[in-house]
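Have a look at the structure below before the remarks.
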Amino acid sequence: MSFPLSLLGLYARRPSLAGRHFATAFRLLANGGTAELRSRLRTLGGVAAQQERDRRLQEDVARKLSTVGENAKRNYRSLLSELLPFAQDLTVIDVIHDDLERLRLVHCHILRKYSLFDDRFYSDTYLKGGSGITPLDHYLKYGLPGGLRANPFFDPLFYAARYPEVIDYGFDPLVHYALFGWREGRECGPLFDAAYYLARNPDVAAAGLSPLHHFLSSGRAEGRSPTGAAGLSGGVARDRGTILIVSHDAELGGAQRVARVFAEWLLTSTKFEVKFVTAKGGPFLDHFRRIAETFDLEAEAKGATPEDVSRRLEAFAGPSVQAVFLNSAASGKFLSYWREKTPVLAFVHELPKLLASLESEFRLILDRADTIIAGSEAVATAIKDGYGFQPERLRTVHGFVDASPRDNSLGFDSKRAIKEALGLDPDAFLVAACGVLHWRKSPETFVDVAERVLKERVREVRFLWVGGGPDQEQCEKLVSEKGLEGKVVFTGYEPDIMRYLRAADLFLLTSQEDPFPLVCLDAATALAPIVCFEKAGGMPEFVGQGCGMSVPFMDAEAMADAVLAYMQDEDRLRAEGQAGRELVENEYTVASAGPKLLHHIREAAGLAPHVSVVVPNYNYEKFLPERLETIAAQTYQDFELILLDDRSRDGSVKILEDWVRRRPGTRLVVNDENSGSPFAQWLRGMELAQSDLIWIAEADDSCEPGLLSALIPALEDRNVFLAYVKSVPIGTEGQVYGDYEEIYLNRINHGRWSRPYVATDHEEAQAGLGIANCIPNASSLVFRRIDPEPNFAETLQSMRLCGDWYFYLRAMRGGKVAYCEQPLNLHRRHPETVTKSTEGSTRYFDEFAKVRDYVGRTYSIGDETREAIERFTTEDLDRFGVEDMAVRTRILEQAEMNGVRKELPTVLVVVSDLSPGGGQMFGIRLANAWTKRGGRAVLLNVRAFTDHPQVVSQIDDRVALLHADEMPETFAEMVRRYDVDVVHSSIWWADRYVQDHIADLRDLPWVVTMHGCYETHLDNPQIDLSFADRMPPLLERVDTWIPTARKNRRVFDVYGMPERELTIANGVAIKPSRLLSRRSLGLRDDAIVLCLATRAIPEKGWFAALEMVERLNLAGDKVDLMLIGEGPAADEIARKVPEHVHLYGQVANLQDYIAVADIGILPSFFVGESMPLVLLEMIAQSRPVIATDVGEIPAMLGTGSDSGGIIVPLKGGKVDVDGFVAAIRSLMDPKSRRGAGERAKARFDAEYTMDGMIEAYSDVYHAAQTRAGYEK
């Protein structure tokens, strides 16, 4: 028995491990386990060798980095010339003559100047015990050559490994990246993404600033995100549609500010696109444009007709507008130009006096808005009482400010210094107000209050109004008349109001009418309590929560008394100031209001949330607040919250009920009885979810804010069915227990989870989930909804230990798995759990065996994977002390999965394109049905013609979709990655593609379903001049040919019979119809409705159908015609649509339209017509069909008493319109029509169901695999 030498190095570094392994080896030899020992040595040797390679690679990088100092000395002149331009402000350099010392000083200066060195981080991380040396000196002497980080965001080892030439030159990698590397497109590790940062912050990009320098010096403090994981990047796909935000102007004001803040939040927190429309321009127009594309309605209207403006506006908005969001009642003017039937929401902030002055604008809103959102309860009352607006269409969301990080430098004790810096009396009590000097703000009342307070001489006090306006001169005159100069000051226009509000001790709102002024929220964040008038707007709703007071309306004396009371009560002033700041931070920023507005937009537009977050809970009262707060704090916010309580006995339900009130759209389901299984709650959550993307966030876990933002980009790939982040194990008090890689994951596949990856489900089964459960916690992943089979659901709910693993395997089936290595999920581990108490038990290993049986029946498992499974199982047996050899043997035999084989082959369905057509729909429906049967299907689109979105939408979400022109790998590599067992193509261009790419896969079975292409090529050889040369080798290579019509066999008459060909009838799957009303489709209630649904070409009988309908209506018969499809015939008809004819284009829900019709018609003389699927869709819904005698149509409809319709033969190759008119008239009698429809449905059930078709193809696939010896 050979001993792997790689283990010697491992044992030399970890002697205790050697002791344990030798003890195990002696025990195995004593019990006759030689084969098991040999297998374990081979596997351990491989693991040790990989660890040794990783260790040496790390040592090589560290060794390389350690030479940076010597390299710098060698190239010091060149380095100085490179760096001196960045240190021109270093004046001391002129008196230093030693070049190495000059280089050191420049290096230090750049680290400081560009904020690259973080003293606190470096000291806390590396110098905890004290070192007698400054952090920067330590970095220069030991840290830089040792690969230590100068800040949390730059990884020097990553940079040195990626760009060794930088180290060879003598550059500090951090300095090189900050000054040069980012411009060259270099990367600095996973914690800072320059491309993302510049895309998200165009001001930084426009200024040409180093992104890392900007982030470290100011962006970090401003709350800007270093990577896309902290928020969505500018490059994310904006595939949720466009929200059109309309501002009444671009002047200074609260409503305009709300519009901009909300737009920025949407762009950062969702995948919606945002565009602005300003009804008027203004000095802040560029502020709008910096955020998003902006349409200035006033500018566009100059010299243009209203119709021209409307056209330009609609062209600007684009085709994907999901909702219009008006920022005020004054924005209602926009609706006079907007003609689209788009959901409209109006965020109204105005109160009665202003609403009265905006009568025409607000009337448009009342007539057109689906939802009005009031900016305060006062506004809601005014709209409800004054205009009779329906309460069910009225919502309330208070005004809000942006969610900037708290300014921790501002405290009550720092206000004195702030006043002094502003040139104000540092010892005076400062009362502030702010706003445009206009009657609504009542600045004269501010002066009146000041006069009353100053008369009392309680203490030194100053009154400061921040802002200017049309009444400033009158206000200053009033101050002068009252002798209050120097005591009452008006600043005039002030672009930075916060520098004054930070100095304020108290804030007055003297407005007569002000809905919910944002400046009050700004003042509250600056620790100033607020005094306002009752019945003057919405601010009493805010101050009534303990952060100020409201006094009787326009009672200056009462307001002055309130000011005096605060001046004499420092404790109250501080308590309410602190309460106000916390209230704003918790409830009045966009972080709180944004999700509410987004919910109302989705509600009005009928949009599902992008993600459904399911929180299953049972007795986790202690952890629920943290769990729910970390969900609410996600930087990606387009989600709904579904709370499930499994009959908890603690106070959980009260907490959950509070969250239902806090976040609109949240649903709570409390079970009457405990379900007995956490997995029953998972399934229940899927049933309730509105989205197809689901995050099961277990109630006791926690997470970082960037979890969803890290996973959403991976899920933009429709083929990624499951994406997960790294989990960190924590205890009940939040203490970190270690690293799952070292604790557990490296046992499965060493080193795999140290970097991100995307794998097909087959690859994942070989390298991860097929070996053991490599996803330690369900809270770490987002998956696409599955439709669980009854036996799967039953087995899942019976499991106590491995249900999560079983679920992940089912969730990934047929697609890809994406892993993000960022530690964003916090997995709570409890001392006593079901898992801990049953690990190592018989049940534990039995459930393992049950899951691995599923793996073996679903995937082809390779030898290396089988060895890894055996090794993992053996380690578990040792870990849990299972000594009984009979038990060990049984468990190891189960792990070997002998006799377990993949049950259903993986089918690669190749289609020529995804444009409307029967052959294309055949491929889509085949892939969909095979997936629903439990198999794995990959749909490969050759893209011979342009895709149609309605056709693409027919593809089941659980079918992997590939495009030939976008594949990063070869055809053979793709077959390997997806473990394809059978190729099935249809339509000539798909067959031709396969022929060109399958040469290296001689044993791979290939099935071809024939439509009308082959005989079309026979009759029109100029279509593809290579057809004749291709056919002989094609007949040799294809395993089985499936003609769908007898005429398809003509090609065999010319080129010879294939070895195997057989007929399988097409089938369609019938979905429950969504009832469409005739009125909504423009159809007459009392008309006979005909339906023609095909590609819109003359050969399909479109113009003949028009003639039939015209004749019937002229004769007094009420007949309407539904035309469904796209193409040249539809385009021509659309130029002048005849009466009683209705064009619907290509639709995704064809069966819903067929359900509205009385009779289906197919007046086709198309030479390629074989077995039209649309005819099957019609007879499946008991609709009789009148059709020509082309292709297999007569056989499909039948003849005589069993016929499901009427065949009207072609006359001279053309449609017999007279015959069709007569046939239609014969079916106008309800009894005749009903009888024919019943016979049509009977024919469908007997011969054309999808189940029957798939069963037949399953036999073909298995037979082909057996013949090819390809069955795995």
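The values are calculated or read from the model by the stated rules, or taken from the named source; none is laboratory data. Only a predicted model underlies this, so the values are computations on that prediction, with no experimental measurement involved. Counting neighbours? That spans all protein chains shown, and the Cβs are built from the backbone with ideal geometry, glycine included.
For Leu410, work out the one condition from (1) of a type in the set (A, V, I, L, M); (2) modelled with pLDDT under 95; (3) under 30 Å from Arg661 (Cα atoms) it doesn't fulfil.
That leaves (3) as the condition not met.
Taking the condition of being touching a Phe, Trp or Tyr at 6+ places or on another chain (Cβ under 9 Å) and crowded, with 21+ Cβ neighbours inside 10 Å, how many residues in the stretch 814-826 meet it?
Looking only at that region, the number is 8.
Which residues, taken from the stretch 691-719, are hydrophobic (A, V, I, L, M, F, W, C), over 14 Å from Gln634 (Cα atoms) and under 12 Å from the mean Cα position of the chain (by Cα)?
Passing the criteria: Leu693, Ile694, Ala714, Leu715.
How about the stretch 1097-1216: which helices (runs of 4 or more DSSP H) wholly inside it have at least 1 residues that are more than 48 Å from the chain's Cα centre (by Cα)? Show your work before the answer.
Numbers: elements: 1102-1114, 1128-1135, 1150-1154, 1173-1180, 1193-1197.
Correct list: 1102-1114, 1193-1197.
Condition first: touching a residue at least 24 places away in the same chain (Cβ under 8 Å), surrounded by fewer than 20 Cβ atoms within 10 Å (Cβ to Cβ) and not hydrophobic (A, V, I, L, M, F, W, C). Can you find one or more residues in the stretch 501-511 that meet it?
Checked the stretch 501-511: no residue is touching a residue at least 24 places away in the same chain (Cβ under 8 Å), surrounded by fewer than 20 Cβ atoms within 10 Å (Cβ to Cβ) and not hydrophobic (A, V, I, L, M, F, W, C).
Filter the stretch 127-183 for residues that are of a type in the set (D, E, K, R) and either touching a residue at least 24 places away in the same chain (Cβ under 8 Å) or in contact with a Phe, Trp or Tyr (Cβ under 6 Å, 6 or more places away or on another chain) (or both); which is nearest to Asn75 (Cα to Cα)? If you could, list the steps in order and put the result at the bottom.
Initial filter on the stretch 127-183 (of a type in the set (D, E, K, R)): 128, 137, 141, 149, 155, 162, 165, 168, 172, 183.
Of the ones still in play, those that are also either touching a residue at least 24 places away in the same chain (Cβ under 8 Å) or in contact with a Phe, Trp or Tyr (Cβ under 6 Å, 6 or more places away or on another chain) (or both) are 149, 155, 162, 168, 172.
Working: Arg149: 23, Asp155: 24, Arg162: 21, Asp168: 9, Asp172: 13 Å.
Only one residue fits best here, namely Asp168.
Can you tell me which residue among Asp1189, Asp1259 is of a type in the set (Asp, Glu), surrounded by fewer than 23 Cβ atoms within 10 Å (Cβ to Cβ), within 25 Å of Phe922 (Cβ to Cβ) and not assigned by TED's automatic domain parsing to the domain that holds Phe1165?
Selected residue: Asp1259, the only one of Asp1189, Asp1259 that is of a type in the set (Asp, Glu), surrounded by fewer than 23 Cβ atoms within 10 Å (Cβ to Cβ), within 25 Å of Phe922 (Cβ to Cβ) and not assigned by TED's automatic domain parsing to the domain that holds Phe1165.
With respect to Ser1170, is the statement that it is surrounded by fewer than 16 Cβ atoms within 10 Å (Cβ to Cβ) and touching a Ser or Thr at 6+ places or on another chain (Cβ under 7 Å) true?
On the way: surrounded by fewer than 16 Cβ atoms within 10 Å (Cβ to Cβ): no; touching a Ser or Thr at 6+ places or on another chain (Cβ under 7 Å): yes.
Answer is no for this residue.
Which condition number does Ala868 fail, the rest of (1) part of a helix (DSSP H, G or I); (2) in the same structural domain as Cys703 (by TED's automatic domain parsing); (3) buried (at least 20 other Cβ atoms within 10 Å of the Cβ) being met?
Every condition holds for Ala868 apart from (2).
Return yes or no: is Met554 under 18 Å from Ala575 (Cα atoms) and out of contact with any Gly (no Cβ under 7 Å at 6 or more places or on another chain)?
no
If a residue must be in a strand (DSSP E or B) and aliphatic (A, V, I, L, M), how many such residues does the stretch 479-507 contain?
We begin by selecting, within the stretch 479-507, every residue in a strand (DSSP E or B); these are 485, 488-490, 492, 506-507.
Still in the list and also aliphatic (A, V, I, L, M): 488-489, 506.
Residues that pass the stated criteria total 3.
Need a quick list: helices (runs of 4 or more DSSP H) entirely within the stretch 916-987 having at least 2 residues that are charged (D, E, K, R) and over 25 Å from the mean Cα position of the chain (by Cα).
Hits in the stretch 916-987: 918-933, 971-977.
Arg1037 - would you say it is surrounded by fewer than 23 Cβ atoms within 10 Å (Cβ to Cβ) and touching a Ser or Thr at 6+ places or on another chain (Cβ under 9 Å)?
No, not satisfied.
When residues of the stretch 167-202 are filtered for being charged (D, E, K, R) and over 26 Å from the mean Cα position of the chain (by Cα), how many remain?
Count: 5.
Quick check on this structure: which one of Lys275, Lys271 is surrounded by fewer than 22 Cβ atoms within 10 Å (Cβ to Cβ), in contact (Cβ under 8 Å) with a residue 24 or more places away in the chain, charged (D, E, K, R) and in contact with a Lys or Arg (Cβ under 8 Å, 6 or more places away or on another chain)?
Lys271
When you check Ala927 against the structure, is it more than 28 Å from Gly1012 (Cα to Cα) and free of Cβ contacts under 8 Å to residues at least 40 places away in the same chain, yes or no?
No.
Can you tell me how many residues in the stretch 447-469 are in contact with a Phe, Trp or Tyr (Cβ under 9 Å, 6 or more places away or on another chain) and not in a helix (DSSP H, G or I)?
The number of residues fulfilling the criteria is 12.
In the stretch 698-747, what count of residues is obtained for those that are buried (at least 24 other Cβ atoms within 10 Å of the Cβ), among the β-branched types (Val, Ile, Thr) and over 20 Å from Ser269 (Cα atoms)?
0
Search the stretch 402-461 for residues being over 48 Å from the mean Cα position of the chain (by Cα) and of a type in the set (Gly, Ala, Ser), and hand back the single one that is nearest to Val489 (Cα to Cα).
Ala450
Report yes if some residue within the stretch 885-907 is closer than 24 Å to Ile987 by Cβ and of a type outside the set (Ser, Thr, Tyr); otherwise report no.
Checking the stretch 885-907: at least one residue is closer than 24 Å to Ile987 by Cβ and of a type outside the set (Ser, Thr, Tyr).
Within the stretch 174-190, is even one residue touching a helix residue (DSSP H, G or I) at 6+ places or on another chain (Cβ under 7 Å), modelled with pLDDT under 90, of a type in the set (Phe, Trp, Tyr) and not assigned by TED's automatic domain parsing to the domain that holds Ile291?
no
Please enumerate the residues belonging to the stretch 254-287 that are part of a helix (DSSP H, G or I) and among the small types (Gly, Ala, Ser).
Within the stretch 254-287, Gly254, Ala255, Ala259, Ala263, Ser269 meet the criteria.
Can you tell me which residues in the stretch 69-122 are at pLDDT below 80, in a helix (DSSP H, G or I) and surrounded by fewer than 16 Cβ atoms within 10 Å (Cβ to Cβ)?
Across the stretch 69-122, the qualifying residues are Thr91, Val92, Asp94, Val95, Arg120, Phe121.
Which members of the stretch 123-147 meet the condition of being modelled with pLDDT of 85 or more and among the charged types (D, E, K, R)?
Within the stretch 123-147, Asp137, Lys141 meet the criteria.
Looking at (1) part of a loop (DSSP other than H, G, I, E, B); (2) surrounded by 20 or more Cβ atoms within 10 Å (Cβ to Cβ), which is the only condition Leu1083 fails?
(2)
Give me the pairs, please: first residue somewhere in the stretch 62-78 and over 21 Å from Ala161 (Cα atoms), second residue anywhere and charged (D, E, K, R), beta-carbon distance under 9 Å, and either six or more positions apart or on two chains.
Note: pairs meeting the criteria are Tyr76/Asp99; Tyr76/Arg102; Arg77/Asp99.
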